[in-house]
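Asks: My structure is below; once you've seen it, I'll send some questions.
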Amino acid sequence: MPADKAREITREEIEAYRRDGATVLRGVIDREWIGIMREAIDRILSAPGPASVEYTPKGRSGRYYGDFFVWRRDEDFRRFMAESPMPDIARQVMGSSLVNFFYDQLLVKEPQTAEPTPWHQDLSYWPVRGEDIISIWAPFDAANEESGVVVYLRGSHRWGKMYAPSAFGKNTGFAEIYARMGLEPVPDIEAERDKHEILKWELEPGDVIIHHPLVLHYASGNASATGRRRGLALRYLGDDACYDDRPGTFLENPRVRALLPGFAFRDGDRLDGPLFPRVWPRQG
Ligand SMILES: O=C(O)CCC(=O)C(=O)O
């Protein structure tokens, strides 16, 4: 049986997350889960889902693949978000007594993929609000500067700003939706990287990064000739998180909406039930 409980997340780790907007947790996923999820990810890559996006334009080298709510169609993804140590990590870091799963996002960059993940904050894409919202980013290959590990602008979650979402690829249908929000665009951080304090870690499978929904983050393409970069982000909602009915979020994308049949929440509702399962306290 792969592990379901997380080790204790230390006070220093939680303080670093709160202060900086992101921190690394080493060795929190065991080998059995890593094996299960590598196979599961490859299964998805060979049969892309209805809301998946190929961010690498046709004819270019590599492949940047994105997919959403994969747990809804793959049992191993479902087990990983609900039965691995991930919900226990989310609970400990948020200090929440209730945790619901928001969604998973698969982000794979095969060798020699030029496309970066642009600088962005997560919250502006999402129909949620609250403080108790966390992402856990887990790599299933070595992730480093060459292969495109996610990097963070330290403390940017505390700027009191929400920028417009940046579309990850052209012609994905998302850019037009995001334009409806009327928010100012993310500044050109790549152009002035040296003016900022960038947090970055080299990760091995088993390590994860936890990040705040308002921290600015970015990942380069995968410049490696042979090393893959399979990444999975899991998003959890804690005690004060609720549905936010504002315009322009990813719910307006018909392909995402189609993954959520019967979605009928009203502004302020807790996202709970079969579409956003409660994972803490553990069910069953
Ligand atoms: O994996 C990546 O390239 C980006 C990840 C990301 O933006 C996220 O998890 O929010």
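Asks: Pull up segment 230-243, narrow it to residues that are charged (D, E, K, R) and over 11 Å from the mean Cα position of the chain (by Cα), then point me to the one that is nearest to the ligand (Cβ to nearest atom).
Replies: ARG230
Asks: I'd like the full set of residues that are within 16 Å of the ligand (Cβ to nearest atom) and within 29 Å of ILE29 (Cβ to Cβ), limited to segment 244-274.
Replies: Matches in segment 244-274: PHE250, VAL256.
Asks: Still on this structure: Among what's in segment 210-219 and is farther than 19 Å from ALA167 by Cα and in contact with a His (Cβ under 9 Å, 6 or more places away or on another chain), pick the residue that is nearest to the ligand (Cβ to nearest atom).
Replies: Here the residue is HIS211.
Asks: Pick from segment 190-206 the residues that are over 20 Å from the mean Cα position of the chain (by Cα) and in contact (Cβ under 8 Å) with a residue 12 or more places away in the chain: which of them is least open to solvent (accessible area, probe 1.4 Å)?
Replies: Ranking the candidates gives HIS196 first.
Asks: To continue, here is another question. Taking the conditions exactly as written (buried (at least 16 other Cβ atoms within 10 Å of the Cβ), within 30 Å of ARG158 (Cβ to Cβ) and out of contact with any strand residue (DSSP E or B) (no Cβ under 6 Å at 6 or more places or on another chain)), does ILE9 satisfy them or not?
Replies: Here the answer is yes, as ILE9 does meet what is asked.
Asks: Looking only at residues in segment 177-189 that are over 25 Å from ARG18 (Cβ atoms) and not aliphatic (A, V, I, L, M), which one is surrounded by the most Cβ atoms within 10 Å (Cβ to Cβ)?
Replies: TYR178
Asks: Does PRO127 qualify as being within 12 Å of the ligand (Cβ to nearest atom), over 14 Å from ILE189 (Cβ atoms) and either open to solvent by less than 10 Å² (accessible area, probe 1.4 Å) or not acidic (Asp, Glu) (or both)?
Replies: Considered against the rule, which asks whether it is within 12 Å of the ligand (Cβ to nearest atom), over 14 Å from ILE189 (Cβ atoms) and either open to solvent by less than 10 Å² (accessible area, probe 1.4 Å) or not acidic (Asp, Glu) (or both), PRO127 comes out as no.
Residues checked against (1) in contact (Cβ under 8 Å) with a residue 40 or more places away in the chain; (2) of a type outside the set (Phe, Trp, Tyr); (3) farther than 29 Å from ALA143 by Cα:
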| residue | (1), (2), (3) |
| --- | --- |
| TYR218 | yes, no, no |
| ARG229 | yes, yes, no |
| LEU234 | yes, yes, no |
| PHE250 | yes, no, no |
| GLY284 | no, yes, yes |
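Asks: Just to check your reading of the model, which residue among GLY284, GLY227 is open to solvent by less than 60 Å² (accessible area, probe 1.4 Å) and more than 18 Å from the chain's Cα centre (by Cα)?
Replies: Being open to solvent by less than 60 Å² (accessible area, probe 1.4 Å) and more than 18 Å from the chain's Cα centre (by Cα) holds for just one of GLY284, GLY227, which is GLY227.
The values are calculated or read from the model by the stated rules, or taken from the named source; none is laboratory data. Since we're looking at a predicted model, the values are computed, not measured. All Cβ positions, glycine included, derive from the backbone under ideal geometry; neighbour counts span all protein chains shown. SASA here: full protein model, heavy atoms, side chains in, ligands and nucleic acids out. Shrake-Rupley method; radii C 1.70, N 1.55, O 1.52, S 1.80 Å.
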